[in-house]
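Everything below concerns the one structure shown next.
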């Protein structure tokens, strides 16, 4: 479970949440109350939290526990408005979907994905490919964060999280990366790392797929559509869907950074992704020379 608040960028009133997310607050005079974090279970509640108790039985006892732990408000389904309307703690009533939860988490975090270059890798070899990608981004001069079930970190700082990650977790980790000075984050989009809809309200710059064979254009479009439906991210004008190419394969082979075929394939994918992000070939060749010397 998780809480968003470690690097919180916005403090929002309950009235703001009612206006922007179609919620109703009880009692009405609590609209000026300001929340400073959101949590999705009681253990994560801290003073100032809005509790979003997904999949948990919400009753007066839980509301009392939340209040004792310092929660300033609780989000409840509209169907519970009658039984919970006279609670001692303010209650927001509404039926937010996964997209709105992601937007709420991003709103409170200050929309950190807008301040980062986000690289998302899905597919059968995504965790290993994210590792190579993050190392290559670092050699290109980027302070890098990584989100992967194999290990998440912000620059050199290991991030202590439980997997798979929710939308609240993702916004918290991205906000930490922004606070630490990261300019790029590599995300492993697999079932071990992410829950469904975890990337709602995340602006992806480059999306790719780690697999042995280079996918065709039609297959790539189908895989991109499937990944966006599962993990919830939107593909806008700034989103590039990248795949290994003859150019990226040739650069990876010529670099002699890796001797084995699998690692060279992962490097090729990394090259294709940074090329899609606008990095010039000369800069890539320079980075490959540095990688070869470091290896």
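The values are calculated or read from the model by the stated rules, or taken from the named source; none is laboratory data. No experiment lies behind these values; they were computed from the predicted model shown. Positions of Cβ are generated from backbone atoms using ideal geometry, with glycine treated the same way; all protein chains shown enter the neighbour counts.
Residues 71, 117, 105: which one is surrounded by 18 or more Cβ atoms within 10 Å (Cβ to Cβ), within 28 Å of residue 177 (Cα to Cα), at pLDDT 95 or above and not assigned by TED's automatic domain parsing to the domain that holds residue 241?
Result: 71 is the single residue among 71, 117, 105 that is surrounded by 18 or more Cβ atoms within 10 Å (Cβ to Cβ), within 28 Å of residue 177 (Cα to Cα), at pLDDT 95 or above and not assigned by TED's automatic domain parsing to the domain that holds residue 241.
Given the criterion out of contact with any strand residue (DSSP E or B) (no Cβ under 6 Å at 6 or more places or on another chain) and at pLDDT 95 or above, identify the matching residue among 268, 255.
268
Looking at (1) assigned by TED's automatic domain parsing to the domain that holds residue 215; (2) part of a loop (DSSP other than H, G, I, E, B), find the lone condition where residue 136 falls short.
(2)
Yes or no, residue by residue, for (1) over 30 Å from residue 108 (Cα atoms); (2) surrounded by 18 or more Cβ atoms within 10 Å (Cβ to Cβ):
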site: 192; (1), (2): no, no
site: 203; (1), (2): no, yes
site: 209; (1), (2): yes, yes
site: 213; (1), (2): yes, no
site: 219; (1), (2): yes, no
site: 223; (1), (2): yes, yes
site: 250; (1), (2): yes, no
site: 258; (1), (2): yes, yes
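Could you check the range 156-268 for helices (runs of 4 or more DSSP H) lying wholly inside it with 2 or more residues that are in the same structural domain as residue 288 (by TED's automatic domain parsing), over 30 Å from residue 37 (Cα atoms) and in contact (Cβ under 8 Å) with a residue 12 or more places away in the chain?
Helices (runs of 4 or more DSSP H) meeting the threshold: 217-231, 246-255.
Would you point out which residue out of 58, 50 is without any contact (Cβ under 8 Å) to a residue 60 or more places away in the chain and assigned to a strand (DSSP E or B)?
Matching residue, one of 58, 50: 50.
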